[in-house]
Amino acid sequence: MLAPGAERLGLRRRLALLPLVLLPLACSSGSGGESEAITLYTCVSDETIQPVISQFESEHPGTDVKLFRATTGDLNARIAGDVRSGGLEADVIWACDPLSMQGYVDQDLVGGWTPEEAADIPEQFRTDDYVGVALLYMVAAYHDDVPAPSSWSDLAGPDYEPVAVPDPNTAASALGALAYFAQAPGYGLDFYSTLKERGAEQLSTPDEVTAGVAQGLYQAGITIANSAYLARDSGSPIEVEWPEPGAVAIYGPIALARESGNSTLAKDFISYVVSEPGQQVVAEAGSYPTRPGVEGPEVPADAPVVYPNWSQVTANKDALLADYEQIFGG
């Protein structure tokens, strides 16, 4: 049973979501009553999130996970709109980078709880307020008629003109890549300036970067491994490289809303995503799980991986984006 007043709050949430999410407001449980429901906000791809929701609902009869899914930029806008209109409408947020999630924590919108299963996730992917449940790897996709870029700096060379880059104001993975390169010795924002001088273009999302390279509009691009491998394996004329000093890893954390209308079910959902069965669903859906021992998509043998210094980025995010926009625009 929902706590007193929670059913009314849940109805208000579902009505508020109608303009953007055309999903049923209520469905019946096997006993004929209205199912328990929570609302999930996420930037995670449909290919990953839908199997997770379906499996959770299958294993928890009488539950209903309402979904609002958007790019990180649009998700941030939705959350800001919630706050202006009276409060966060989500019970759970599954973000695509820790920087965005830390911003929600700082606004006191989420946090204060993680499941016991979080202890099985590597410490670098969790805090006391949220836990990483998926990884994105920023890699280089390149047209199959040019040489493989052995290092990221190669993308600034003549073999790869023009290059496509994703927008860090839209995509969390692009923000993670920007954060890493801004900190990395020998790169900094000069890396982006050089790419721009050689004709690089900014696209909205990593998927658009992958598509542009596959179509021959760009010789190479900075994109996510999931997208690049899917395109390659579907027959697109591209190859995938994890350049030195490494593919940039960005973890996607999940967190409980502090004012959840059904915190018990919301906690059950988070616990499921963190658990081994939930992480297996994440992996089978084509995403990289954070839980050790759960095999995910392709990672080349001895592939180099690097990580942004997230605490440093948190302190300098606005200035970093402003400097980047001087190069590629808003």
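The values are calculated or read from the model by the stated rules, or taken from the named source; none is laboratory data. Predicted model, so just to flag it, every value in this text is computed and none were measured. Note that each Cβ is placed from the backbone with ideal geometry, even for glycine, and that neighbours are counted across all protein chains shown.
Would you check if there is a residue in the stretch 82-97 being buried (at least 24 other Cβ atoms within 10 Å of the Cβ), more than 18 Å from A266 (Cβ to Cβ) and either over 15 Å from the mean Cα position of the chain (by Cα) or in contact (Cβ under 8 Å) with a residue 60 or more places away in the chain (or both)?
yes
Name the residues in the stretch 245-292 that are of a type in the set (D, E, K, R) and surrounded by fewer than 21 Cβ atoms within 10 Å (Cβ to Cβ), would you?
Across the stretch 245-292, the qualifying residues are R258, E259, K267, D268, E276, E284.
Can you tell me which residue in the stretch 222-244 is surrounded by the most Cβ atoms within 10 Å (Cβ to Cβ), limited to those that are over 17 Å from V146 (Cβ atoms) and out of contact with any Leu (no Cβ under 9 Å at 6 or more places or on another chain)?
At the first step, the residues of the stretch 222-244 found to be over 17 Å from V146 (Cβ atoms) are 224-227, 229-230, 233-235, 244.
Within this subset, residues satisfying the condition of being out of contact with any Leu (no Cβ under 9 Å at 6 or more places or on another chain) are 227, 229-230, 233-235, 244.
Working: S227: 26, Y229: 18, L230: 16, D233: 10, S234: 8, G235: 8, E244: 14.
Per the criteria, the residue is S227.
Does E201 qualify as being under 24 Å from E325 (Cβ atoms), of a type in the set (D, E) and in contact (Cβ under 8 Å) with a residue 12 or more places away in the chain?
For E201, the condition - under 24 Å from E325 (Cβ atoms), of a type in the set (D, E) and in contact (Cβ under 8 Å) with a residue 12 or more places away in the chain - is met.
Search the stretch 265-301 for residues being among the hydroxyl-bearing types (S, T, Y) and assigned to a loop (DSSP other than H, G, I, E, B), and hand back the single one that is farthest from the chain's Cα centre (by Cα).
The extreme case among them is S275.
Yes or no, residue by residue, for (1) within 28 Å of A283 (Cα to Cα); (2) out of contact with any Pro (no Cβ under 9 Å at 6 or more places or on another chain):
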residue	(1), (2)
T194	no, yes
A200	no, no
S204	yes, no
A214	yes, no
G221	yes, no
Y229	yes, no
R232	yes, yes
E241	yes, no
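Residues that are modelled with pLDDT of 95 or more, at least 3 per element: which helices (runs of 4 or more DSSP H) completely within the stretch 1-84 meet that? Step through it out loud before you land on a result.
Values: elements: 6-17, 46-59, 72-84.
Hits in the stretch 1-84: 46-59, 72-84.
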